[in-house]
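Asker: Structure provided below as C-alpha cells; questions to follow.
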Amino acid sequence: MSKNWKRYTITAALPYANGSKHIGHLAGAYLPADSYARYLRLRKRDVVFVCGSDEHGTAITIQAIQENTTPRAIIDKYHVLIKNSFEKLGISFDIYHRTSEPVHHETSREFFLDFYNKGLFREVTNEQYYDEEQKVFLADRYIMGTCPNCGHEKAYGDQCEKCGKSLSPAELIKPHSTLSGKAPVLRPTKHWYLPLNDYEPWLRTWLLRDHAKDWKTNVYGQCKSWIEGGLQPRAMTRDGEWGVKVPVKDAEGKVLYVWFDAPIGYISATKQWAMDHNKSWELYWKDSDTRLIHFVGKTTSCFTASFFR
Ligand SMILES: [Zn+2]
C-alpha cells in the first residue's frame, strides 16, 4: 500500500430509516469511519466522507401499514432523528443524504437502465402470495398458519419457531396474512433478475484468490461457503409503489429492490455534495488515483460482496 493516493472517498453504511440506531451501530461502522476521515484531514488529504438514510424497501412499507401511516411519514421521522443523533455525536460526514431524494432516484434508474440495455437481466414471471385486502405481495414471514409438523398455530411461512422445521407458505395449514388476517392468494408477477451465477468465476478469483488475505476470517469463510454452494439469480425488482420506479416498459407498480438502489446511495450522496461545492463527483468515484473505502457492518457481507468490486 505504498501508492500515493490523490484523494479518498469514505462511505459509512446507510442506516435504514425505520427506527432509532444503537451504540452497536455506532461502534461498528460510524466511529471507525469518522476516526479515519479525521486522521486523513489532519494529514491535509483530500477527503469526502459520505453517508445518508436508506429509505426504501418492504420493511418500511409493511411498517407503514401496521402503524396506519405512510412510508413518507416513517422516513421523515427517522431520517431527522438519525441525522440529529450523528450531529450530536460529532460524526463529521461531509454530507448526510437520503435515498428518497430526486438525484438518488435518477442515478439508480441510470444504473438499472445500463444493466437493462446491456441485456444483463433475465425477465422471469412466477407466482407469489398476495394479500387482496392490503393489495401487497407478501414475503414468507408475513404469512402465518398452523405447522404441519407439530401443530403450532403461529408458524411463519418460512419456519416454525416451535419445532424449528423449515417451511414454505404452501405447507401451512390455514395460512393467513399477518397484515389483514385473510388467506393469501397466488398471483403471477414479473421481475427482472440478475443472474449472480454468471459472475461466479470472477468473483471466486477476486474474492478467494486475489484478496483472500484482505478479509476477516469469518467474512472470508461466509463468502467462500456462498460461492461454493452456488450463487442464484436474484430479483432486482419488487412489486409496490414505495421506492425507485422501474424505468422500463410494462413495469407499472414495480420498484427497484432496495439492495439494488441503496448501495448507489453512496454515489448519489457524493453527487449532491459535489453539486453543493462546485466539484466533480466523478473524480471521487472513477479516477484511479482515488482510494475508495467502505465501512460496513458484517451482516451486509453478502450484499457488499455482490455489489462492490
Ligand atoms: Zn412446528
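Asker: Could you list, ordered by first residue, the pairs with Cβ atoms under 6 Å in which the first is in segment 218-240 and free of Cβ contacts under 8 Å to residues at least 24 places away in the same chain and the second is surrounded by fewer than 17 Cβ atoms within 10 Å (Cβ to Cβ) and part of a strand (DSSP E or B), at least 6 apart or interchain?
Answerer: Once the first residue is free of Cβ contacts under 8 Å to residues at least 24 places away in the same chain and sits in segment 218-240, no partner that is surrounded by fewer than 17 Cβ atoms within 10 Å (Cβ to Cβ) and part of a strand (DSSP E or B) comes close enough.
Asker: Mind checking which residues of segment 188-204 are modelled with pLDDT of 95 or more and more than 23 Å from the chain's Cα centre (by Cα)?
Answerer: Answer for segment 188-204, where residues must be modelled with pLDDT of 95 or more and more than 23 Å from the chain's Cα centre (by Cα): just PRO188.
Asker: From the set of residues in segment 133-147 that are more than 16 Å from the ligand (Cβ to nearest atom) and out of contact with any strand residue (DSSP E or B) (no Cβ under 6 Å at 6 or more places or on another chain), which is farthest from TYR257 (Cα to Cα)? Write out each step before concluding.
Answerer: Initial filter on segment 133-147 (more than 16 Å from the ligand (Cβ to nearest atom)): 133-139, 142.
Among the residues that remain, those that are also out of contact with any strand residue (DSSP E or B) (no Cβ under 6 Å at 6 or more places or on another chain) are: 133-136, 139, 142.
Values: GLU133: 23, GLN134: 20, LYS135: 18, VAL136: 15, ALA139: 13, TYR142: 18 Å.
Checked segment 133-147; the qualifying residue farthest from TYR257 (Cα to Cα) is GLU133.
Asker: Next question, about the same structure. List the pairs whose first member sits in segment 61-85 and is within 20 Å of HIS97 (Cα to Cα) and in the same structural domain as THR99 (by TED's automatic domain parsing), whose second member is outside any loop (DSSP other than H, G, I, E, B) and modelled with pLDDT of 95 or more, and whose Cβ atoms are under 7 Å apart, counting only residues at least 6 apart or on separate chains?
Answerer: ILE75/SER53; HIS79/SER53; HIS79/ARG98; ILE82/SER53; LYS83/TYR96
Asker: Now for a different question. Residues ALA33, ALA37: which one is surrounded by 15 or more Cβ atoms within 10 Å (Cβ to Cβ), in contact (Cβ under 8 Å) with a residue 40 or more places away in the chain and more than 20 Å from the chain's Cα centre (by Cα)? If you could, list the steps in order and put the result at the bottom.
Answerer: Working: ALA33 fails: more than 20 Å from the chain's Cα centre (by Cα).
Checking each option against the conditions leaves just ALA37.
Asker: If you don't mind, there's one more thing I want to ask. Which of the residues spanning segment 173-195 are touching a Pro at 6+ places or on another chain (Cβ under 7 Å) and either of a type in the set (Ser, Thr, Tyr) or near the ligand (Cβ under 10 Å from one of its atoms) (or both)? If you could, list the steps in order and put the result at the bottom.
Answerer: If we filter segment 173-195 for residues that are touching a Pro at 6+ places or on another chain (Cβ under 7 Å), which is where we start, we get 173, 175, 177, 183-184, 193-195.
Passing the criteria: SER177, TYR193.
Asker: Can you tell me which of SER85, SER92 is part of a helix (DSSP H, G or I) and under 21 Å from PRO32 (Cα atoms)? Give the derivation first.
Answerer: Values: SER92 fails: part of a helix (DSSP H, G or I).
Result: SER85 is the single residue among SER85, SER92 that is part of a helix (DSSP H, G or I) and under 21 Å from PRO32 (Cα atoms).
Asker: Does any residue of segment 24-38 turn out to be at pLDDT 95 or above, out of contact with any Leu (no Cβ under 8 Å at 6 or more places or on another chain) and among the polar types (S, T, N, Q)?
Answerer: Yes, there is a match, as at least one residue in segment 24-38 is at pLDDT 95 or above, out of contact with any Leu (no Cβ under 8 Å at 6 or more places or on another chain) and among the polar types (S, T, N, Q).
Asker: Give me a count of the residues in segment 118-129 that are at pLDDT below 95 and either surrounded by fewer than 16 Cβ atoms within 10 Å (Cβ to Cβ) or not polar (S, T, N, Q) (or both).
Answerer: Within segment 118-129, the subset at pLDDT below 95 is 126-129.
Still in the list and also either surrounded by fewer than 16 Cβ atoms within 10 Å (Cβ to Cβ) or not polar (S, T, N, Q) (or both): 126-127, 129.
Residues in segment 118-129 being at pLDDT below 95 and either surrounded by fewer than 16 Cβ atoms within 10 Å (Cβ to Cβ) or not polar (S, T, N, Q) (or both): 3 in total.
Matching residues to (1) farther than 30 Å from ALA13 by Cα; (2) within 14 Å of the ligand (Cβ to nearest atom); (3) of a type in the set (S, T, N, Q):
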residue	(1), (2), (3)
THR107	no, no, yes
TYR116	no, no, no
ASN149	yes, yes, yes
LYS165	yes, yes, no
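Asker: Name the strands (runs of 3 or more DSSP E) wholly within segment 102-184 that hold at least 3 residues that are closer than 28 Å to GLU55 by Cα, in contact (Cβ under 8 Å) with a residue 24 or more places away in the chain and acidic (Asp, Glu)?
Answerer: On the way: elements: 122-131, 143-146, 173-177.
Ranges flagged: 122-131.
Asker: Could you run through segment 94-129 and say how many residues are β-branched (Val, Ile, Thr) and under 15 Å from ILE267 (Cβ atoms)? Spell out how you get there, then give the answer.
Answerer: Pass one, segment 94-129, residues β-branched (Val, Ile, Thr): 95, 99, 103, 107, 124-125.
The next check asks that each one be under 15 Å from ILE267 (Cβ atoms); those that pass are 95, 99, 103, 107.
Number of matching residues: 4.
Asker: Mind checking whether some residue in segment 134-151 is over 18 Å from the mean Cα position of the chain (by Cα), over 30 Å from LYS21 (Cβ atoms) and crowded, with 19+ Cβ neighbours inside 10 Å?
Answerer: Yes, that holds for at least one residue.
Asker: Here's another thing I want to ask about it. Please enumerate the residues belonging to segment 40-56 that are outside any strand (DSSP E or B) and closer than 21 Å to LEU283 by Cα.
Answerer: Pass one, segment 40-56, residues outside any strand (DSSP E or B): 40-45, 55-56.
Those that are outside any strand (DSSP E or B) and closer than 21 Å to LEU283 by Cα: LEU40, ARG41, ARG43, LYS44, ARG45.
The values are calculated or read from the model by the stated rules, or taken from the named source; none is laboratory data. These numbers were taken from a predicted model, which means no experiment stands behind them. Heads up, the Cβs are rebuilt from the backbone with ideal geometry, glycines too, and the neighbour counts pull from every protein chain shown.
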